[in-house]
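Taking it in order: structure first as structure tokens, then the write-up.
The values are calculated or read from the model by the stated rules, or taken from the named source; none is laboratory data. Treat the numbers as computed from the prediction; the structure is a model and nothing was measured. Note: ideal-geometry Cβ built from the backbone for every residue, glycine included; neighbour counts use all protein chains shown. Keep in mind that these areas ignore ligands, DNA and RNA; they rest on the heavy atoms of the full protein, side chains included. Shrake-Rupley method; radii C 1.70, N 1.55, O 1.52, S 1.80 Å.
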Amino acid sequence: MIDQTRLPTRLSYVSCTTPEQVAVAIRTMVVRGAPAIGVAAAMGVALAAYRSKAPRLPEFVREMESSAALLRSTRPTAVNLFWGIDRVMKKVENAGSVKNAKDAVVREVRAMEDEDVEANKKLGRIGADLIEDGDTVLTQCNAGALATVGYGTALGVVRAAVEEGKLVKVLVPETRPALQGARLTAFELVRDRIACTLISDTAVGHMLSLGRVDKVIVGADRITKDGYVFNKIGTYQEAVLAKRHGVPFYPAAPRSTFDLTKNHDQVIIEERGAAEVFQIRGKRIAPKGVPVANPAFDMTPPDLVSSMITERGLIQAPFDENIPRLMS
Ligand code: MRU
């Protein structure tokens, strides 16, 4: 996998051959982005299956369960992680023999890889219909090829619109504290020669108030059955400001990001280490001893959402009725 912690200065790769190494890669954000960690975690379970020397199924299943538990503990908010692990574990449980289980698991993760790119391309084309020639799109974090197996969700919509020949410009907030906007989204867009402008997170309201944003399109880490959108910290303030200035706000996400089992008050928002906030790229910027809060995600309520872009079509309000209907 690409080591996302080293971008944009270095494009280097990390090889994982054990589920433990995959767990470290997810926890340390070598790989990040909801669909990417979902498929990576599933591949972590597949590695455990592939390496297992267990002769009989019950022992084999116990080994898989222990690797699945380790991978589940890496990050709490993106539902794709749990979706990916559950999907391969189902194959293990229904296999009948160790050999069948190993084959089925490898087949399943290969299918998940292909399906993710396919879903992104499909939702990209659906979302591209919302974009007009000449639009400026504000995003948040990185919901591009790096955050998925390929193509991207929010940036997939932009890519599809550009492929249709529309002129699209992307406003990229830096996305403190981990700087996924500045480091990753800007990297992808510059590489693909898609027009973009990097802004500080604090410039978002000003840009919206000047009329410099036509649409807000973001990814999502979990969309609950009651229509709340969990995404990178800073998304909620974009949604509030978009509403204030009459700009539509669209989350773009595949089926694997929808959680039909939970309402918004049952979701854990990841709290990451203080160093991400009191340092920038390893350099301390705040006095020693200052208390720090570092919520990695926030929650946007459904009344701020214009519609949701998915590979199954646009989901409109009322979201608590239409999400279960379209996504079951
Ligand atoms: O903490 P991260 O970088 O994993 O958070 C990622 C995001 O919030 C993305 O916007 C989200 O996963 C959508 S990815 C297509």
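Tabulated results
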| item | result |
| --- | --- |
| Residue within region 22-30 that is on the phi > 0 side of the Ramachandran plot and surrounded by fewer than 22 Cβ atoms within 10 Å (Cβ to Cβ) present | yes |
| Residue that is in contact with a Phe, Trp or Tyr (Cβ under 7 Å, 6 or more places away or on another chain), hydrophobic (A, V, I, L, M, F, W, C) and open to solvent by 30 Å² or more (accessible area, probe 1.4 Å), where the choices are Ile268, Ile233, Ile223 | Ile233 |
| Flag if Gly246 is away from the ligand (no atom under 14 Å from the Cβ) and of a type outside the set (A, V, I, L, M, F, W, C) | yes |
| Candidate set from region 1-42 (those that are in contact (Cβ under 8 Å) with a residue 60 or more places away in the chain and part of a loop (DSSP other than H, G, I, E, B)); member that is farthest from Met112 (Cα to Cα) | Pro8 |
| Filter result for Ile323 (at pLDDT 95 or above, open to solvent by less than 20 Å² (accessible area, probe 1.4 Å) and part of a helix (DSSP H, G or I)) | yes |
| Cβ-Cβ under 6 Å pairs, at least 6 apart or on other chains, region 103-127 side under 15 Å from Ile309 (Cβ atoms) and assigned to a helix (DSSP H, G or I), far side among the aromatic types (Phe, Trp, Tyr) and open to solvent by less than 90 Å² (accessible area, probe 1.4 Å) | Asn120/Tyr151; Lys121/Tyr151 |
| Members of region 4-21 found to be among the hydroxyl-bearing types (Ser, Thr, Tyr), closer than 13 Å to Met43 by Cβ and surrounded by 10 or more Cβ atoms within 10 Å (Cβ to Cβ), listed by number | Thr17, Thr18 |
